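Below: one structure, written as structure tokens.
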Amino acid sequence: MKIITLVTLFIAVGCILATGCVAAQPKKDPTTASPAPTNTFTPFVKTTTIPGSNAPINATNATTTPGATSKLKGPLRISISGYPVSLPVILDNQTAGKVTRENPLDLMVEEGTHNVSVCVNEICENETVTIVFAKKTFVDFGDRLRKDVEFPEPTARILQYFKNGDGVTISMEFINPSPKEVTMSMEMSVGYSYIDSRSGTRKGESTRTSVIEIVNANSRYRSDRTLYFVDGDAYIFDAPQLGEIKIK
């Protein structure tokens, strides 16, 4: 009888222990979690191509390419204030155009320091200018040219004249600033009046002559000419005149 009681007690204790183990187990979620999806989308990047190049650049990270944008410019006017010849204008060792006695040369020049010059044969006038955006800069070479190169082209002129007996003596200067020998030809004349010995009245007349001179390169010299009156006496004469000067 005792044996049956012990067996029954042992079985009861075993069942209690088994029930506790089952209750202690964690409750499992019947749904199985899936791994997070991998992002395989590549963002679209806008690109642009520099003109003249096949290489695209990122529009968001673009940098300024040297020379890709123009610099600011300012106006520059060059004049020679009535100097009698057309002259080329040299800007930073390059021909930029021509300036005449009537028309100045207007340019748009990049900001900064620049060298401007005009030349007559071997003589040049130079100026350094500073160009500023939207500020006009003026350079006039007229006074310097007249001082340094009074005569830019071959020419002749009358220096003085005086009565010499029955005529007029005229002192002339022949000028050749060019680098080669030239031949100058012209007509010189003097108008005058006189008292006619027969009628006793005053009459008008003129005397003239042709002048031809060979003038060496880069030189000038003086020469005298005398024009004689033809008739009568009591002469009154006008200032001598030079006709058109022809250069060969």
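If we scan the stretch 160-172, do we find a residue that is closer than 30 Å to ILE123 by Cβ, modelled with pLDDT of 95 or more and in contact with a Ser or Thr (Cβ under 6 Å, 6 or more places away or on another chain)?
There is at least one residue in the stretch 160-172 that is closer than 30 Å to ILE123 by Cβ, modelled with pLDDT of 95 or more and in contact with a Ser or Thr (Cβ under 6 Å, 6 or more places away or on another chain).
Would you please name the residue that is farthest from PRO179 (Cα to Cα), looking only at residues in the stretch 97-119 that are of a type in the set (Ser, Thr, Tyr) and not in a loop (DSSP other than H, G, I, E, B)?
Ranking the candidates gives THR113 first.
Listed residues ASP148, ASP231; which is under 30 Å from GLY74 (Cβ atoms) and modelled with pLDDT under 95?
ASP148
Per-residue answers, yes or no, for (1) modelled with pLDDT of 95 or more; (2) within 13 Å of the chain's Cα centre (by Cα); (3) farther than 14 Å from VAL149 by Cβ:
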| residue | (1), (2), (3) |
| --- | --- |
| PRO84 | no, no, no |
| VAL89 | yes, yes, yes |
| LEU107 | yes, yes, yes |
| GLU110 | yes, yes, yes |
| VAL118 | yes, yes, no |
| ASN121 | no, no, no |
| CYS124 | no, no, no |
| THR130 | yes, yes, yes |
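Taking into account only those residues within the stretch 154-177 that are under 40 Å from the mean Cα position of the chain (by Cα) and crowded, with 16+ Cβ neighbours inside 10 Å, which is farthest from GLN241 (Cα to Cα)?
PRO177
Buried (at least 18 other Cβ atoms within 10 Å of the Cβ) and touching a residue at least 24 places away in the same chain (Cβ under 8 Å), is that true of VAL132?
no
How many residues does the stretch 74-96 contain that are crowded, with 16+ Cβ neighbours inside 10 Å and either of a type in the set (Phe, Trp, Tyr) or not in a strand (DSSP E or B) (or both)?
2
How about the stretch 143-156: which of its residues are more than 11 Å from ARG220 (Cα to Cα) and touching a residue at least 60 places away in the same chain (Cβ under 8 Å)?
Correct list: ASP143, LEU145, ARG146, PRO152, GLU153.
Consider THR183 against the criteria (1) modelled with pLDDT under 95; (2) loosely packed, with under 14 Cβ neighbours inside 10 Å; (3) hydroxyl-bearing (Ser, Thr, Tyr): it satisfies all of them except one. Which criterion is unmet?
All conditions pass for THR183, except number (1).
Can you tell me how many residues within the stretch 213-222 are surrounded by 14 or more Cβ atoms within 10 Å (Cβ to Cβ) and under 20 Å from TYR161 (Cβ atoms)?
Residues in the stretch 213-222 being surrounded by 14 or more Cβ atoms within 10 Å (Cβ to Cβ) and under 20 Å from TYR161 (Cβ atoms): 2 in total.
In contact (Cβ under 8 Å) with a residue 60 or more places away in the chain, surrounded by 12 or more Cβ atoms within 10 Å (Cβ to Cβ), not assigned by TED's automatic domain parsing to the domain that holds LEU87 and not basic (Lys, Arg), is that true of GLY232?
No, not satisfied.
In the stretch 202-248, which strands (runs of 3 or more DSSP E) lie fully inside it and hold 2 or more residues that are over 15 Å from MET172 (Cα atoms) and charged (D, E, K, R)?
The strands (runs of 3 or more DSSP E) meeting that bar are 202-215.
Looking at SER185, SER199 in this structure, which one is without any contact (Cβ under 8 Å) to a residue 12 or more places away in the chain and either farther than 22 Å from GLY165 by Cα or not in a strand (DSSP E or B) (or both)?
Answer to the selection: SER199.
For the stretch 101-142, name all the residues that are more than 11 Å from ILE78 (Cα to Cα) and polar (S, T, N, Q).
Correct list: THR113, ASN115, ASN121, ASN126, THR128, THR130.
The values are calculated or read from the model by the stated rules, or taken from the named source; none is laboratory data. Nothing here was measured: the structure is a model prediction, and the numbers come from that model. Ideal geometry is used to build each Cβ from the backbone, glycine not excepted, and the neighbour counts take in all protein chains shown.
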